[in-house]
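A.B. asks: I am attaching a structure below and will ask some questions about it afterwards.
Taken together, the values in this text are just the output of simple stated rules run on the coordinates, not laboratory data. All values reported here derive from a predicted model rather than from experimental measurement. Every residue, glycine as well, gets a Cβ built from its backbone with ideal geometry; the counts of neighbours run over all protein chains shown.
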Amino acid sequence: MRLPAIAAGISLLFGGVLLMAQGPREVCLGDFSTYLKGRTKNQAHNAILSMSKLRKVKIAPGETISFNKVVGTYTIDAGYRKAPVSYNGTLLDGWGGGVCQTSTTVYNAALLSGLEIVKRGRHRFAPLYAPPGRDAAVAYPYIDLVIRNPFSYAVELRGNWSHSRLEAGFFAEKRTGPKPQIETHIVDQQNPSELVLASVGSTGRLRNSGKKAFEVITYRITGSVKERISHDSYPAMHRYVEYR
């Protein structure tokens, strides 16, 4: 799936066909993928390991599932590795860095499946593996993604992966109603500033490439019903250049 360019004031649609239904009576309610390109080896490892916990998660009618409860702790004992995690704009190594890409992938699949989002947290800065306003941060046990099945029939979450991407989809024996679409309206965006860490030489080294600031409103459209999902503001992460 190729993500279109982002421009202020326009609407963006995201989604794609990922996992195959199993059997003639089964339908895919919604699915989504994110790419692992540009992630570190340990980030990709942690993302795939957490996705492996979500191979077949059944959700009964009216039931809620917690991402943290299903996936568990992101510790060395569970097989996770230290990987870069953003803390207030600084990248530090932390256990389970990369798991948020899995929760983000599941979150978008849930939106496209018409499931109810009970709890979702955003990152402080907009991550690069999903459109702004479409991320779902997790940090065990404090920040969680909680999803509810509002249908009268059971659904099943299935996670999958390859060397280049993560995939998540929700499946059921039937679909009632039209398939949702997601619109992201970019209200405002600002480029990051460039800050000099030191100026004691003529050779510059980029320490942090920076990220744009965004204000975005995300809507889910199901037939004639337009539902506002979130209104998010992400500050700019400044570019840091060190001269030696």
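A.B. asks: Can you spot the lysines whose alpha carbon is less than 21 Å from K174's alpha carbon? Ignore those fewer than 8 places along the same chain.
C.D. replies: Of all the lysines, those that pass the test against K174 - Cα under 21 Å, at least 8 places apart if same chain - are K56, K58.
A.B. asks: To continue, here is another question. Taking 7 Å along the Cα-to-C-beta vector as the label spot, tell me the A78-E26 distance in nanometres, rounded to one decimal.
C.D. replies: According to this spin-label approximation, the distance is 2.6 nm.
A.B. asks: Then there's this: By average Cβ neighbour count within 10 Å, what is the ranking of 122-130, 146-154, 171-179 from highest down? Working shown, then result.
C.D. replies: Working: 122-130: 19.4, 146-154: 16.9, 171-179: 14.2.
Going from most to least packed, we get 122-130, 146-154, 171-179.
A.B. asks: Can you tell me what percent of all Cα-Cα pairs in segment 127-173 are more than 13 Å apart? Let's see the in-between values first.
C.D. replies: On the way: 789 of 1081 pairs.
Roughly 73 percent, once rounded to a whole number.
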